[in-house]
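Q: Below is a structure I'd like to ask you about.
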Amino acid sequence: MDKLQTINPGFYADIRSIILEAKNDAACGAEYVRMMMYWHLGERIFVEEQRGQDRAEYGDYLIKNLAESLEIEFGSGFGYRQLAYCRKFYRTYPTIADIHKELNWFQYRLLSSIDDDFKREYYELEATNHSWTGRELERQINSLLYERLLASNDKEAVLAVARKQRIPEKPTEIIKDPMFLEFLGLKREAEYYEKDIESALITHLQEFLLELGNGFTFSARQKRLLIENDEFFADLIFYNRLLRCFVVIEIKTHKLTHEDLGQLQMYVNYYDRYEKLPDENPTVGILLCTAKNDLLAKITLPEDNAHILTSKYQLYLPSERVLIEEIKEVIELAEEKEDEHGGK
């Protein structure tokens, strides 16, 4: 196909008018006005593109030639990639009423790159509900938050919580496995002490709360528990307002052991008997370890256990391929547990 030599004058005039009008409206730097400009650009490009739909490469050539002309008049902010994003933005959100004023252009670029409608809706709702920044949304997408939640829940339940149609009832609806703590910025050392990771988590508390999930508030660090004349110290205490319960988190720098589970069970029992109010739900315990042993946990804990959870943590975000493989393993284990439960 020969390269287009000219651009429809009426088409270019429409594009130019959209940009100039947005520049006038956005004199105060309104982000929403800028987004609407990109949406209208995408709409106009898409409409013009349909006139040449019998030529498979028409759209790319149209955008390329349009970008060359716009960059001469308006600068590099209207290059090929930006115009391609505009077209994708419009095709993903063809109804202007579906665009949230709380989100910005960078966030909509990220959302428009997600092909799965349910997955995109989840991130869109969570970013809006919890006022995520663009970087926070990017981090959650890259760490496969949606897939990690699906490992322990069904799609309808995950979306119902994001849509505020229901409140989580079980810890597994919120707690993720694995957890990624790459935001701590720790160097790649052979080993760390538990107090090093704990201190780093407190320093990066905002990022840790984001990774923990919805409804968490920080309560205490190294909480002293006095049992007769013996002192014990729980690493981190949180409260989850959605589950309406305390959450005790223990950090271990080794593979899960039955001693770790017993220690955490004692802390959970203590909170249930001495800290929990009558109208609050049972305390949840989360054991963060470098490697899990699901069979050991199953044998060590009561058969009806629903409040002691184990989650593998990693200090570095692995590649997407490794992430997907790990999540598949978690899903397979969850399915095996369901099959066992159903067979009883």
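Q: State which residue is modelled with the lowest pLDDT when the search covers only the stretch 173-204 and only residues that are part of a helix (DSSP H, G or I) and crowded, with 16+ Cβ neighbours inside 10 Å.
A: Within the stretch 173-204, the subset part of a helix (DSSP H, G or I) is 173, 182-184, 194-203.
Those still in the list that are crowded, with 16+ Cβ neighbours inside 10 Å too: 173, 182-184, 197-198, 200-201.
Numbers: Glu173: 87, Glu182: 91, Phe183: 91, Leu184: 91, Ile197: 91, Glu198: 93, Ala200: 93, Leu201: 94.
Across the stretch 173-204, the extreme among qualifying residues is Glu173.
Q: Next question, about the same structure. State which residue is farthest from Ser131 (Cα to Cα) when the search covers only the stretch 91-118 and only residues that are touching a Lys or Arg at 6+ places or on another chain (Cβ under 9 Å) and outside any loop (DSSP other than H, G, I, E, B). Lay out the reasoning, then the answer.
A: First pass over the stretch 91-118, keeping only residues touching a Lys or Arg at 6+ places or on another chain (Cβ under 9 Å): 92, 104-106, 109, 111-114, 118.
From what is left, the residues that are outside any loop (DSSP other than H, G, I, E, B) are 92, 105-106, 109, 111-112, 118.
Numbers: Thr92: 21, Trp105: 14, Phe106: 14, Arg109: 17, Leu111: 15, Ser112: 18, Phe118: 20 Å.
Per the stated criteria, the residue is Thr92.
Q: Only one residue in Phe238, Phe208 is part of a helix (DSSP H, G or I), within 25 Å of Glu280 (Cβ to Cβ) and of a type outside the set (A, V, I, L, M), so which one is that? Break it down stepwise before answering.
A: Numbers: Phe238 fails: part of a helix (DSSP H, G or I).
Only one candidate qualifies: Phe208.
Q: Could you tell me how many of the residues in the stretch 285-307 are without any contact (Cβ under 8 Å) to a residue 12 or more places away in the chain and not aliphatic (A, V, I, L, M)?
A: Final tally of qualifying residues: 5.
Q: Shifting gears a bit: Could you give every pair whose Cβ atoms fall below 8 Å, whose first residue belongs to the stretch 86-100 and is charged (D, E, K, R), and whose second residue is at pLDDT below 90, counting only separations of at least 6 or pairs across chains?
A: Arg87/Glu49; Arg87/Gly59
Q: Against the definition (assigned to a loop (DSSP other than H, G, I, E, B), within 18 Å of the chain's Cα centre (by Cα) and modelled with pLDDT of 90 or more), how does Glu138 come out, yes or no?
A: Details: assigned to a loop (DSSP other than H, G, I, E, B): no; within 18 Å of the chain's Cα centre (by Cα): yes; modelled with pLDDT of 90 or more: yes.
Criteria not met by Glu138.
Q: Considering only the stretch 117-150, state which residues are surrounded by 20 or more Cβ atoms within 10 Å (Cβ to Cβ), touching a Leu at 6+ places or on another chain (Cβ under 9 Å) and hydrophobic (A, V, I, L, M, F, W, C).
A: Ala127, Leu137, Leu144
Q: Looking only at the stretch 241-266, which residues are assigned to a loop (DSSP other than H, G, I, E, B) and without any contact (Cβ under 8 Å) to a residue 40 or more places away in the chain?
A: Scanning the stretch 241-266 gives Arg241, Arg244, His254, Thr257.
Q: Which residue out of Leu277, Leu295 is assigned by TED's automatic domain parsing to the domain that holds Val248, over 22 Å from Arg244 (Cβ atoms) and surrounded by fewer than 16 Cβ atoms within 10 Å (Cβ to Cβ)? Break it down stepwise before answering.
A: Values: Leu277 fails: over 22 Å from Arg244 (Cβ atoms).
After ruling out the rest, the residue left standing is Leu295.
Q: Which residues, taken from the stretch 298-317, are surrounded by fewer than 18 Cβ atoms within 10 Å (Cβ to Cβ), more than 23 Å from Gly185 (Cα to Cα) and not small (Gly, Ala, Ser)?
A: Lys298, Ile299, Pro302, Glu303, Asp304, Asn305
Q: Do we have Ser219 as among the polar types (S, T, N, Q) and either surrounded by 19 or more Cβ atoms within 10 Å (Cβ to Cβ) or modelled with pLDDT of 95 or more (or both) here?
A: Details: among the polar types (S, T, N, Q): yes; either surrounded by 19 or more Cβ atoms within 10 Å (Cβ to Cβ) or modelled with pLDDT of 95 or more (or both): yes.
Considered against the rule, which asks whether it is among the polar types (S, T, N, Q) and either surrounded by 19 or more Cβ atoms within 10 Å (Cβ to Cβ) or modelled with pLDDT of 95 or more (or both), Ser219 comes out as yes.
Q: Does Lys164 satisfy being surrounded by fewer than 18 Cβ atoms within 10 Å (Cβ to Cβ), part of a loop (DSSP other than H, G, I, E, B) and modelled with pLDDT of 90 or more?
A: Values: surrounded by fewer than 18 Cβ atoms within 10 Å (Cβ to Cβ): yes; part of a loop (DSSP other than H, G, I, E, B): yes; modelled with pLDDT of 90 or more: yes.
Spelling it out, Lys164 is indeed surrounded by fewer than 18 Cβ atoms within 10 Å (Cβ to Cβ), part of a loop (DSSP other than H, G, I, E, B) and modelled with pLDDT of 90 or more.
Q: A further question on this structure: Would you call Asn281 in contact with a Cys (Cβ under 6 Å, 6 or more places away or on another chain), within 28 Å of Phe218 (Cα to Cα) and either modelled with pLDDT of 80 or more or part of a loop (DSSP other than H, G, I, E, B) (or both)?
A: Values: in contact with a Cys (Cβ under 6 Å, 6 or more places away or on another chain): yes; within 28 Å of Phe218 (Cα to Cα): yes; either modelled with pLDDT of 80 or more or part of a loop (DSSP other than H, G, I, E, B) (or both): yes.
Taking the combined requirement at face value, the residue satisfies it.
The values are calculated or read from the model by the stated rules, or taken from the named source; none is laboratory data. Values in this document were obtained by computation on a predicted structure and should not be read as measured data. Positions of Cβ are backbone-derived with ideal geometry, glycine not excepted, and every protein chain shown enters the neighbour counts.
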